[in-house]
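Written below as structure tokens is the structure these notes are about.
The values are calculated or read from the model by the stated rules, or taken from the named source; none is laboratory data. Source: prediction; values computed, not measured. A quick note on method: Cβ atoms are made from the backbone with ideal geometry, for glycine too, and the neighbour counts reach across all protein chains shown. Ligands, DNA and RNA are stripped out before the accessible areas are found, and what is left, the full protein with its side chains, is counted by its heavy atoms. Shrake-Rupley method; radii C 1.70, N 1.55, O 1.52, S 1.80 Å.
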Amino acid sequence: MTALKGLALPAALLLAWQLAVMLTGLQSDTIAAPDAIFAALGRGLTEPAFWADTGDTLAAGGMGLALGFVLGTMSGVLFGLIPPVGRVMRVTVELLRPLPAIAILPIALLIFGFGYRLEVAIVAFGTCFPVLVLTEAAVRQIEPRLSEVARALALSPGARVRKIVLPAVLPRLFVALRLAAGIGLIIAITVEIAANPIGLGARLMQASNSLRPADMYATLFWIGAIGWALNWGMLRLQLWLFPATKGAAQ
């Protein structure tokens, strides 16, 4: 029922859009009626090239997310467990973190060229820092008694991380992953629009440059649907794995 209520406003806007186009008889190279957009989306869903572009975006974005998540988690745990290291790296992190990921595109192009590696590198850069910040904060908030238990049991640093730290921060780590997944999709599409000639971002630009507004908006709607489905799936998984986070997630 809640989902249906949430669809009321988008449905009303689409209806108003359709009526405005019909009443004005609008013919444009930049705007298409919703019925033409959904017809274009339906045609796209039957084309292998459409799914190949979707797969390219998800593959590059997914690999970049995985790399950024691992790097951010490892760095966050290290900075949280060893405060002097965190203090030494603070200026470097705070200098790099505000940089838009797309700003490193010229450098990444020189290093990686066009293709998957370019997109993976930029997505990893953009998703690493949110995970790092949230992981470090979670590690610093671990109950001191747990650290005392680790010392009493004479756990090695690796065992301490596996048996004490990771189980304690796992719920917040999953929240960081969910946040980074949305950021990763945004960055992947942006890189494809700006420079990388693969995936849904490139398809979006090709439709725009070819003055095919229905195909352009259909691709845009599809990207929005993927983002919604990704967040919905990860939220359901989070609530299933960590029921205690239900209030915060909603």
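At-a-glance table
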read-out: When residues of segment 45-85 are limited to those that are crowded, with 19+ Cβ neighbours inside 10 Å and among the small types (G, A, S), the one modelled with the lowest pLDDT; value: G80
read-out: Which listed residue is touching a helix residue (DSSP H, G or I) at 6+ places or on another chain (Cβ under 7 Å) and modelled with pLDDT under 85, from R160, R178, R151, R97; value: R160
read-out: Search result, residues across segment 179-217 that are open to solvent by 50 Å² or more (accessible area, probe 1.4 Å) and touching a Leu at 6+ places or on another chain (Cβ under 8 Å); value: L179, I193, A194
read-out: Filter pass, A40 being within 30 Å of F112 (Cα to Cα), open to solvent by less than 80 Å² (accessible area, probe 1.4 Å), assigned to a helix (DSSP H, G or I) and not β-branched (V, I, T); value: no
read-out: Residue ID - farthest from I183 (Cα to Cα), chosen from residues in segment 14-35 that are in a helix (DSSP H, G or I) and either open to solvent by less than 40 Å² (accessible area, probe 1.4 Å) or among the basic types (K, R) (or both); value: V21
